[in-house]
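Reading through the structure tokens given below for one structure.
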Amino acid sequence: MFVVCCLSPCLLTMADVSNQSKAHLIFAYGTLKRGFPNHTLMQSLIHQNDAVFLGPFVTCISYPLVVGPHGIPFLINLPGLGNRVTGELYSVSARGLFLVDDLEGTSLGHYERLPVKVIPCESTNSDAGDVIQVEAEAYYSHRSFGEGLWERKGREGLSAYTEKEASGYVRREDRPKDRSFRNEVHFFVSAAKN
């Protein structure tokens, strides 16, 4: 049996986090995870009491997870395709959310922050009992190129962004300056068609 529950108020109490007037649950599946290239942002937010690590989680249903240009991971909003995706859940303050949105380029059309349902990873091994389904948000590839990325990758997705995929990640400051992020993605998607 699934119990739908928004955990942010009880988790904030359990984690004893102050100064979070409105917490947002963020499912990190890529470079924001611990040990990955952009986790320094999450570490900084945690140290400033603007985020709390809640543990490993997995999506309730499958989604395409692919790696695009520069080793950048993209979760694609095509529910039912791909695999169930593992990642980490964070409770993030409104101030922290602004900084994560900025990193993810939501105002520039790089990613879209949309709902996702996740469960704790240990629940996937549970034979009985209630499984807590959590309403969170994730950063999906922008709708203008998400499906194109899925096609470009041969409709083959990952269940996790691992160290193997992250080894190909190119930091923003090391990427070519002659193309925007969106142009780079569109070029990557169209390269398969030529």
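The values are calculated or read from the model by the stated rules, or taken from the named source; none is laboratory data. All values derive from a computational prediction rather than experimental measurement. Using ideal geometry, Cβ is built from the backbone for each residue, glycine included, and neighbour counts are taken over all protein chains shown. Each accessible area value is taken on the protein alone, full model and side chains, heavy atoms only, with ligands, DNA and RNA left out. Shrake-Rupley method; radii C 1.70, N 1.55, O 1.52, S 1.80 Å.
So between E135 and S62, what do we pick up on full extension, going 0.36 nm a residue minus the alpha carbon distance? Working shown, then result.
On the way: separation 73, 0.36 × 73 = 26.28 nm, distance 1.53 nm.
Length gained between E135 and S62: 24.8 nm.
Using the Karplus curve 6.51 cos²θ - 1.76 cosθ + 1.60 with θ = phi - 60°, what ³J(HN,Hα) values do you get for each residue of the stretch 174-181, in whole Hz, with x for Gly and Pro?
These are the phi-based 3J(HN,Hα) values: 9, 7, x, 8, 7, 9, 6, 4 Hz.
Between E156 and R84, take the C-beta separation as r, use R0 = 22 Å, and let me know the FRET efficiency to the nearest 0.05.
Working: r = 15 Å, r/R0 = 0.68.
After rounding, the FRET efficiency stands at 0.90.
Roughly speaking, what % of Cα-Cα pairs in the stretch 57-111 are separated by over 12 Å, rounded to a whole number?
Working: 1076 of 1485 pairs.
That tail contains 72 percent of the Cα-Cα pairs.
Can you work out the FRET efficiency for the pair R171 and A191, with r the C-beta to C-beta distance and R0 = 30 Å, to the nearest 0.05? Don't skip to the answer; put the middle values down first.
On the way: r = 22 Å, r/R0 = 0.73.
Efficiency, rounded to the nearest 0.05: 0.85.
Work through the residues other than Q43 whose Cβ is under 14 Å from its Cβ and net out their charges, Lys, Arg +1 and Asp, Glu -1. Can you show the working numbers first?
Working: positive: K33, R34; negative: D50, E88.
In short, 0.
So for S44, S93, what's the accessible-area order with a 1.4 Å probe, most first? Before the final figure, lay out each step's value.
Details: S44 45, S93 5 Å².
Greatest to least solvent exposure: S44, S93.
Around V66, with a cut-off of 9 angstrom between Cβ atoms, what is the net charge of the other residues, counting Lys and Arg +1 and Asp and Glu -1? Let's see the in-between values first.
Values: positive: R152, K153; negative: E156.
Charge balance in the 9 Å sphere: +1.
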